[in-house]
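*Asks:* This is the structure I have questions about; it appears just below.
The values are calculated or read from the model by the stated rules, or taken from the named source; none is laboratory data. Being a predicted model, the structure only gives us computed values, none of them experimental. Don't worry about glycine lacking a Cβ; one is built from the backbone with ideal geometry, like all the others, and counts go over all protein chains shown.
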Amino acid sequence: MRKQTLLSIALGSTIAIATPALADLDKNAYQLSSHVLDISTGKPAPNINIKLMVQDNGNWKLLDTKTTDEGGRVNDFLPNNSDHDGVYKLIFETTPYFSKQGVDSFYPYVEVNFKINDDNHYHVPITLSPYGYSTYKGS
């Protein structure tokens, strides 16, 4: 789906120019994204820190830490400028998110392990509640 931008010409005419949607730009610029949906509220989960780690000779190495936006998304992990084949994990720091709501949660964090073995875009979302979570390979 493309967004259209209206451009007014000095003669008073208006034409539509197709521009890529923000999500399309992020998918082209970055290989990995994530999304957190709080299924106890039915809303996106903003302000959750997510750590991206890669397995390196049997040890885990921190690559980056991002925070979900108001839509519960992080769209800019792993810039599309090199080979990212390997085993990764995302660690979602859920305790501060639920604590701000005055809710106790069973899982202090959620850890999702996955592998990248090509140059496709990978989307690793989770659905979350204070007492459970689920994940899947998105697109």
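*Asks:* Ile91 - would you say it is closer than 14 Å to Ile126 by Cβ, surrounded by fewer than 19 Cβ atoms within 10 Å (Cβ to Cβ) and in contact with an Asp or Glu (Cβ under 9 Å, 6 or more places away or on another chain)?
*Replies:* Judged against the criteria, Ile91 is a match.
*Asks:* Check Ser82 against each of (1) within 25 Å of Ile39 (Cβ to Cβ); (2) among the small types (Gly, Ala, Ser); (3) surrounded by fewer than 11 Cβ atoms within 10 Å (Cβ to Cβ) and name the one condition it does not meet.
*Replies:* (1)
*Asks:* Oh, and also: Among the listed residues Pro96, Pro108, which satisfies the condition of being closer than 29 Å to Lys43 by Cβ, in a helix (DSSP H, G or I) and not acidic (Asp, Glu)?
*Replies:* Result of the check over Pro96, Pro108: Pro96.
*Asks:* Then there's this: Does Asn120 meet the test of being more than 16 Å from Ser34 (Cβ to Cβ), of a type outside the set (Gly, Ala, Ser) and exposed (fewer than 12 other Cβ atoms within 10 Å of the Cβ)?
*Replies:* In short, no.
*Asks:* Name every residue in the stretch 123-132 that is surrounded by 14 or more Cβ atoms within 10 Å (Cβ to Cβ) and of a type outside the set (Val, Ile, Thr), in order of residue number.
*Replies:* His123, Pro125, Leu128, Ser129, Pro130
*Asks:* Check off (1) surrounded by 12 or more Cβ atoms within 10 Å (Cβ to Cβ); (2) of a type outside the set (Lys, Arg); (3) in contact with a His (Cβ under 9 Å, 6 or more places away or on another chain) for Val110 and give me the number that stays unchecked.
*Replies:* Going through the list (1) surrounded by 12 or more Cβ atoms within 10 Å (Cβ to Cβ); (2) of a type outside the set (Lys, Arg); (3) in contact with a His (Cβ under 9 Å, 6 or more places away or on another chain), Val110 breaks only (3).
*Asks:* Filter the stretch 48-69 down to the residues that are surrounded by fewer than 15 Cβ atoms within 10 Å (Cβ to Cβ) and within 12 Å of the chain's Cα centre (by Cα) and list them by number.
*Replies:* The answer is Thr65, Thr67, Asp69.
*Asks:* Of these, Ser99, Ser129, Ser134, which one is under 16 Å from Leu37 (Cα atoms), of a type in the set (Gly, Ala, Ser), at pLDDT 95 or above and more than 17 Å from the chain's Cα centre (by Cα)?
*Replies:* Step by step, each of Ser99, Ser129, Ser134 is checked, and only Ser129 is under 16 Å from Leu37 (Cα atoms), of a type in the set (Gly, Ala, Ser), at pLDDT 95 or above and more than 17 Å from the chain's Cα centre (by Cα).
*Asks:* Okay, next question. For the subset of the stretch 33-64 comprising residues that are polar (S, T, N, Q) and touching a residue at least 60 places away in the same chain (Cβ under 8 Å), which member is nearest to Ser99 (Cα to Cα)?
*Replies:* Ser40
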